1. Please determine, by comparing only the residues of the range B:39-73 that are assigned to a strand (DSSP E or B) and more than 14 Å from chain A (Cβ to nearest Cβ), which one is farthest from B:Y240 (Cα to Cα).
2. Among residues belonging to the range B:173-229 that are touching a strand residue (DSSP E or B) at 6+ places or on another chain (Cβ under 8 Å) and aromatic (F, W, Y), point out the one that is surrounded by the most Cβ atoms within 10 Å (Cβ to Cβ).
3. Kindly establish whether B:L283 is touching a helix residue (DSSP H, G or I) at 6+ places or on another chain (Cβ under 9 Å), surrounded by 15 or more Cβ atoms within 10 Å (Cβ to Cβ), farther than 19 Å from B:F211 by Cα and not polar (S, T, N, Q).
4. Assess whether B:A127 counts as being touching a residue at least 60 places away in the same chain (Cβ under 8 Å), surrounded by fewer than 24 Cβ atoms within 10 Å (Cβ to Cβ) and among the small types (G, A, S).
5. Go through the range B:165-195 and give me each residue that's more than 10 Å from chain A (Cβ to nearest Cβ) and under 25 Å from the mean Cα position of the chain (by Cα).
6. Right, A:S258: closer than 30 Å to A:N111 by Cβ, part of a helix (DSSP H, G or I) and open to solvent by less than 30 Å² (accessible area, probe 1.4 Å) or not?
7. Of all residues being in a helix (DSSP H, G or I) and of a type in the set (S, T, Y) in the range B:303-323, which is surrounded by the most Cβ atoms within 10 Å (Cβ to Cβ)? Just the residue, please.
8. So, B:T258, is that one touching a Phe, Trp or Tyr at 6+ places or on another chain (Cβ under 9 Å) and in the same structural domain as B:Y191 (by TED's automatic domain parsing) or not?
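The values are calculated or read from the model by the stated rules, or taken from the named source; none is laboratory data. The structure presented is a predicted model; accordingly, all values stated were derived computationally and were not measured. We place every Cβ from the backbone using ideal geometry, glycine too, and count neighbours over all the protein chains shown. The accessibility values were calculated without ligands, DNA or RNA, using every heavy atom of the protein model including side chains. Shrake-Rupley method; radii C 1.70, N 1.55, O 1.52, S 1.80 Å.
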Amino acid sequence: MAERKENKAGAKRLRNIFFGNEYKKEATISYGILIVGYILLQLGANAGLIGRNLQGQFVPICVYISLAISLNLVVGISGELSLGHAGFMSVGAFTGIIVTRMMEASMPSGNVRLFFAVLAGAITAAIAGIIIGIPILGLRGDYLAIVTLAFGEIVRNIMNVLYFGLDGKKLKFAFNHTIDGVEGNQRIITGAIGATGVTKTATFTTAMLLTLFTLFVVLNLKNSKHGRCIMAVRDNRIAGESIGINVKKYKLIAFVVSAALAGMAGAMFGQNYSTLAPLKFNFNTSVLILVFVVLGGIGNIWGGILAATLLTILPEALRQFADYRMLTYAVVLIVVMICTYNPTIRARAGMVWEKISPRKRRKKKAEEAADHDETGKEEM
Amino acid sequence: MKNKKWTKFVAVVLSCMMILMMVAGCGSKSGGGDSEGNTLYIGGIGPLTGAAALYGNAVKNGAQLAVDEINAANPDGVQLVWDMQDDEHDAEKSVNAYNKLVDNGMQVLIGAVTTAPCTAVASEANANRTFALTPSASGPAVTEGNDNVFQLCFSDPNQGIASAEYIATNYPDAKVGVIYNNADNYSSGIYDKFKSEYEASGKQLAAVEAFSDDANADFTAQLNSLKNAGVDLIFLPIYYTPASNIMTQANKMGYDVTYFGVDGMDGILDLEGFDTSLAEGVLLLTPFTPYSEDEAVQNFVKAYEEKFNETPIQFAADAYDCVYAIYDAFGKTGLGTDASMEDICEAMIGVFTGDFTASGLTAEEMKWEASGEVNKTPKVCIIEDGKYVEK
């Protein structure tokens with residue numbers, strides 16, 4: 001009897017550690033999804049249960065999850081609409097490729113090169129974030145969306161005319177024409193063709209580590225003093241200002257951190273393919289990331305993780321529908337959007353959850369028992 | 001009572017999902033079953049949806065036609081299975097499609113159709129040892145460093161070189177100008193080589209103007225600059241839609257000039273809303289014209305029109321030739337259809353780099369370099385009375 005009580009107390013303590021408050025709950029679920037998913041997929045891949053098609057998507061899925069988490073920092077936590085996330089990704093990706101190509105001769109370890117690529121991607125994307133953030137964060141709502149949209153397009157257009165090449169050990173670049181003395185294999189980025197001949201260094205494990213890092217940064221920022229200031233400004237700008245919060249500063253923090261994380265994800269993405277064209281990071285990619293965030297629920301981190309995973313796998317899983325693939329994809333998107341935001345359906349889903357959730361059921365039983373107590377004065 | 005109904009509903013939804021998942025599982029496995037019997041599984045990758053879908057679908061149909069012909073001609077011999085996957089003209093999706101095909105048990109690859117996705121697939125195929133013959137990915141990066149990837153089309157640099165040679169020999173006194181798309185690797189790839197080759201012949205380009213995808217409607221500024229430079233022959237290494245705008249606007253300006261296009265110009269006569277009389281006298285470098293007198297081409301065009309209700313473009317002919325080239329080369333390897341993808345790859349590389357030649361709709365006696373580039377004679381056509389006439 002006593003043992004049982006102890007067990008119960010232990011369980012309660014455990015529950016308190018992992019689900020004690022909203023923050024803990026969010027962190028547990030988010031980390032849980034990632035770690036359990038990683039272990040399951042890794043086991044499945046080792047056992048040969050998972051085909052090449054799905055295995056090939058492990059890294060992009062991790063990248064898209066990172067992007068969804070980092071965009072959630074701007075859209076969900078800071079409450080601004082950003083449509084230029086792919087621009088930061090692009091900056092990070094191409095920086096990463098340049099860095100790895102420069103290190104290729106002197107550094108044989110792929111993981112070390114990858115680390116520096118991601119680091120460099122974070123730095124350049126953060127700089128881009130500061131440059132764009134300072135003048136525009138005074139803007140509100142739609143105007144910010146317009147400027148970030150423009151930023152994404154500007155980055156793409158600049159990358160379209162930028163040429164990078166290695167001349168011996170020197171890095172050279174030029175606008176709109178090829179570089180003299182740099183031929184063939186020494187070219188790193190050639191304008192609209194983008195980067196070719198990239199040695200792939202990204203792996204599922206490193207991509208997952210990056211995703212966990214992104215999650216760690218965003219969750220900790222959200223639960224810090226800074227995070228609470230960011231959210232206070234989001235909820236009521238005037239009230240926030242009145243108690244002395246520097247609105248621009250906190251918006252800039254969220255924006256730049258998000259940009260740096262997107263740059264890291266971009267660098268990882270760039271290291272997963274042998275070729276990368278600037279066109280990849282167009283407006284559509286920005287919107288795709290936004291769709292992950294909106295579909296997962298704005299501000300809901302683990303929802304974004306699930307949405308990014310499902311929406312990356314879905315088009316591939318639908319390949320057998322052949323001609324109707326894109327149609328099916330669109331229909332599924334619309335159905336999910338309607339279902340997750342329709343109050344009637346949500347309420348019904350809540351009812352079902354109550355029925356199947358063991359904890360809630362136990363609670364209900366206890367309540368019923370208490371009712372019984374009061375009326376019948378019976379003890380079981 | 002209400003709750004009971006609700007539970008039922010949930011049960012139905014869940015079971016539907018389970019069935020869907022089972023179907024999905026079946027779908028991914030049943031593909032491998034095709035390798036039973038005397039069949040060779042040919043995979044294809046190209047854009048079947050999106051902006052470049054025209055090219056992918058042409059390849060899909062052209063190859064299908066060749067596969068059907070081969071299978072019908074020799075029902076007891078090697079049967080071909082053709083499976084084309086969509087890549088939306090995106091490198092990431094293209095690699096996914098490649099992985100899917102490998103899962104399905106692909107033995108030889110035709111593709112990818114467009115250059116950027118093909119570059120990504122080529123390095124995957126190289127690492128994984130899949131033999132790949134691309135019908136239309138003409139960028140030099142496709143074959144660079146990949147011993148297993150071959151092109152059936154002219155590479156971009158070779159198109160530029162062939163055009164420069166043709167213009168330098170046949171129009172020695174012309175003042176040549178260029179309008180090209182500097183945001184497009186196809187266009188800038190051809191232009192780069194054209195310029196260096198043309199200048200190597202001791203001549204200078206009179207004027208060069210560029211545009212990008214975002215500004216491909218108004219060309220008056222570029223045309224004025226060419227006109228002021230006295231240009232009387234414009235080289236257009238671009239696709240047919242912007243080229244049609246250039247011709248219409250030059251006509252409005254009263255600028256009379258000769259145009260020289262490359263294979264991207266193919267399709268200009270079928271463009272809706274374009275006055276095809278403006279394209280009279282346009283010269284273009286193309287490996288295939290549906291109006292050719294050649295009997296094989298005529299038969300192909302007829303069969304294609306009957307089956308798919310449209311006139312084939314060059315991409316369809318390229319794909320048709322790809323299938324025949326692979327079929328013939330596979331016969332030369334002496335391997336059975338039960339051979340693995342890797343074994344077929346090594347054997348096919350041996351055949352293609354040997355003295356193997358293939359003849360088809362796009363050229364006679366095509367031979368391949370070890371680098372993967374094809375050797376074939378370029379054809380220059382002129383548009384007369386709304387038809388391509390070989391020059």
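1. Step by step, filter the range B:39-73, then rank; the result is B:T39.
2. B:F194
3. So B:L283 fits the description; yes.
4. no
5. B:E165, B:Y166, B:I167, B:V178, B:I179, B:Y180, B:I190, B:Y191, B:K193, B:F194, B:K195 - these are the residues of the range B:165-195 that are more than 10 Å from chain A (Cβ to nearest Cβ) and under 25 Å from the mean Cα position of the chain (by Cα).
6. On the way: closer than 30 Å to A:N111 by Cβ: yes; part of a helix (DSSP H, G or I): yes; open to solvent by less than 30 Å² (accessible area, probe 1.4 Å): yes.
Criteria met by A:S258.
7. B:Y320
8. Details: touching a Phe, Trp or Tyr at 6+ places or on another chain (Cβ under 9 Å): yes; in the same structural domain as B:Y191 (by TED's automatic domain parsing): yes.
Answer is yes for this residue.
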